[in-house]
């Protein structure tokens, strides 16, 4: 996502790429951070576990502490204020997706001046 926004902030022809990357980021964040038996996050242990999906549709967490559980902590990015100003269409898309998926705001950390937890102020 960060690379897509960086490219789009330099060359508007990359805006569609940035939007696709944001969409993938949102889908992955939603899946990884889902609470309960279907998600990778275990609130009690405070750790991400890999999931085993069975042919019958059931799933179970593999309670093994491995690199898999650390990788979601690395999925972070900062989109600078000057970049947000250069990609208004990308920003509008991200904000519309957050309005459609408000549960994602619970797992995003707000940073920087002018950033708020409301979809109208985030990215």
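The values are calculated or read from the model by the stated rules, or taken from the named source; none is laboratory data. All of these numbers come straight from a predicted model, not from anything done at the bench. Cβ placement follows ideal geometry from the backbone for every residue including glycine, while neighbour counts extend to all protein chains displayed.
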query: Quick check: is even one residue across segment 27-48 within 18 Å of the chain's Cα centre (by Cα) and more than 24 Å from residue 105 (Cβ to Cβ)?
result: no
- prompt: Is it the case that residue 92 is surrounded by fewer than 13 Cβ atoms within 10 Å (Cβ to Cβ), under 20 Å from the mean Cα position of the chain (by Cα), modelled with pLDDT of 75 or more and in a helix (DSSP H, G or I)?
  reply: yes
message: For segment 59-77, give me each residue that is under 15 Å from the mean Cα position of the chain (by Cα) and surrounded by 12 or more Cβ atoms within 10 Å (Cβ to Cβ).
response: 71, 72, 75
query: Does segment 7-42 hold any residues that are assigned to a loop (DSSP other than H, G, I, E, B) and modelled with pLDDT under 85, and which are they?
result: 33, 34, 35, 36, 37, 38, 39, 40
- line: A careful count of residues in segment 30-51 that are surrounded by fewer than 18 Cβ atoms within 10 Å (Cβ to Cβ), within 20 Å of residue 97 (Cβ to Cβ) and touching a helix residue (DSSP H, G or I) at 6+ places or on another chain (Cβ under 8 Å) gives 2
